[in-house]
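Visitor: My structure is below; once you've seen it, I'll send some questions.
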């Protein structure tokens, strides 16, 4: 925020997972520090129901008016039904308590994936330990290509998102994003076991044929 003030910038705070922290209370949003410089994006697809696809924006008035025009041009008419469902939910139900339930569910699944990674992954593979949200970020050894391994992974009936899709400069080649939000713990464990097999095959191919 100090940089935004110094250089007269707007900050986009994209925060769909901000309420889904496992080991600490949600951090203070940047929007709470400056309503004139922060465009805050939120979504009920992570904290209520994914299929509703309802989100919101908090923005300075001038920006909000332009966002409304862009939304009308792109979407034309968002679903009144899903917005009404969200409105009734927030008015009538203890949504904060429900978020606590989601936190417990996702933390259990995160822990299941971390345990499976420690159990199955060979040496040279590293991964993050997220304190919230839906994903673990896994890094392959130097010179490997996560995107090139996708067809083999799909053949083993396991999927991930290659890291290169999250970079604008072509980086992320060695990374993959693993999601633990949907499957139950036993399926997470099986998925990681299969992924470890794919990585093991890649390692064998590299040892046999080189890079």
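The values are calculated or read from the model by the stated rules, or taken from the named source; none is laboratory data. This one's a predicted model, so the numbers in the text were calculated from it and none came from an experiment. Note that we place each Cβ from the backbone using ideal geometry, even for glycine, and neighbour counts take in every protein chain shown.
Visitor: Out of all the residues in the stretch 85-93, is one or more surrounded by 14 or more Cβ atoms within 10 Å (Cβ to Cβ), under 24 Å from residue 182 (Cβ atoms), in contact with a strand residue (DSSP E or B) (Cβ under 8 Å, 6 or more places away or on another chain) and not assigned by TED's automatic domain parsing to the domain that holds residue 134?
Guide: Within the stretch 85-93, not a single residue is surrounded by 14 or more Cβ atoms within 10 Å (Cβ to Cβ), under 24 Å from residue 182 (Cβ atoms), in contact with a strand residue (DSSP E or B) (Cβ under 8 Å, 6 or more places away or on another chain) and not assigned by TED's automatic domain parsing to the domain that holds residue 134.
Visitor: Residues of the stretch 136-162 being more than 19 Å from residue 206 (Cβ to Cβ) and in a helix (DSSP H, G or I), which ones?
Guide: The one that is more than 19 Å from residue 206 (Cβ to Cβ) and in a helix (DSSP H, G or I): 154.
Visitor: Would you check if there is a residue in the stretch 121-135 being farther than 29 Å from residue 56 by Cβ and either in a helix (DSSP H, G or I) or under 16 Å from the mean Cα position of the chain (by Cα) (or both)?
Guide: Going residue by residue through the stretch 121-135, those that are farther than 29 Å from residue 56 by Cβ are 121-127, 129.
With the extra rule that they be either in a helix (DSSP H, G or I) or under 16 Å from the mean Cα position of the chain (by Cα) (or both), the set shrinks to 127, 129.
Yes, there is a match, as at least one residue in the stretch 121-135 is farther than 29 Å from residue 56 by Cβ and either in a helix (DSSP H, G or I) or under 16 Å from the mean Cα position of the chain (by Cα) (or both).
Visitor: Go through 36, 71 for me and flag whichever is modelled with pLDDT of 90 or more and either in contact with a helix residue (DSSP H, G or I) (Cβ under 8 Å, 6 or more places away or on another chain) or loosely packed, with under 14 Cβ neighbours inside 10 Å (or both).
Guide: 36
Visitor: Next up: Scan the stretch 1-44 for residues that are part of a loop (DSSP other than H, G, I, E, B) and closer than 11 Å to residue 58 by Cβ and report the count. Give the steps one after another, and end with the answer.
Guide: To start, the set of residues in the stretch 1-44 that are part of a loop (DSSP other than H, G, I, E, B) comprises 1, 8-10, 15-20, 22-29, 33-37, 44.
With closer than 11 Å to residue 58 by Cβ added as a condition, the list becomes 15, 29, 35.
Matching residues across the stretch 1-44 total 3.
Visitor: If you take the residues in the stretch 148-164 that are closer than 27 Å to residue 20 by Cα and touching a helix residue (DSSP H, G or I) at 6+ places or on another chain (Cβ under 8 Å), which one is surrounded by the fewest Cβ atoms within 10 Å (Cβ to Cβ)?
Guide: Out of the qualifying residues, it is 159.
Visitor: Filter the stretch 165-201 for residues that are within 17 Å of residue 125 (Cβ to Cβ), touching a helix residue (DSSP H, G or I) at 6+ places or on another chain (Cβ under 6 Å) and touching a residue at least 60 places away in the same chain (Cβ under 8 Å) and give the result.
Guide: 180, 188, 189, 192, 193, 196
Visitor: How many residues does the stretch 115-147 contain that are out of contact with any strand residue (DSSP E or B) (no Cβ under 7 Å at 6 or more places or on another chain) and either crowded, with 18+ Cβ neighbours inside 10 Å or farther than 26 Å from residue 25 by Cα (or both)?
Guide: 15
Visitor: So how many residues does the stretch 1-27 have that are closer than 30 Å to residue 101 by Cα, modelled with pLDDT of 90 or more and out of contact with any helix residue (DSSP H, G or I) (no Cβ under 9 Å at 6 or more places or on another chain)?
Guide: Counting residues in the stretch 1-27 that are closer than 30 Å to residue 101 by Cα, modelled with pLDDT of 90 or more and out of contact with any helix residue (DSSP H, G or I) (no Cβ under 9 Å at 6 or more places or on another chain) gives 5.
Visitor: Name the residues in the stretch 102-114 that are in contact with a strand residue (DSSP E or B) (Cβ under 9 Å, 6 or more places away or on another chain) and surrounded by fewer than 19 Cβ atoms within 10 Å (Cβ to Cβ), would you? I'd like the intermediate steps shown before the answer.
Guide: Keep residues of the stretch 102-114 that are in contact with a strand residue (DSSP E or B) (Cβ under 9 Å, 6 or more places away or on another chain), which gives 103, 106-107, 110, 113-114.
Correct list: 103, 107, 114.
A quick yes/no check of all residues on (1) surrounded by 13 or more Cβ atoms within 10 Å (Cβ to Cβ); (2) more than 30 Å from residue 182 (Cα to Cα); (3) at pLDDT below 95:
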| residue | (1), (2), (3) |
| --- | --- |
| 29 | yes, no, yes |
| 51 | no, no, yes |
| 54 | yes, no, yes |
| 66 | no, yes, yes |
| 82 | yes, no, yes |
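Visitor: Residues to consider are 23, 13, 72, 5; find the one that is free of Cβ contacts under 8 Å to residues at least 60 places away in the same chain and under 30 Å from residue 108 (Cα atoms).
Guide: Every option except 13 fails the conditions.
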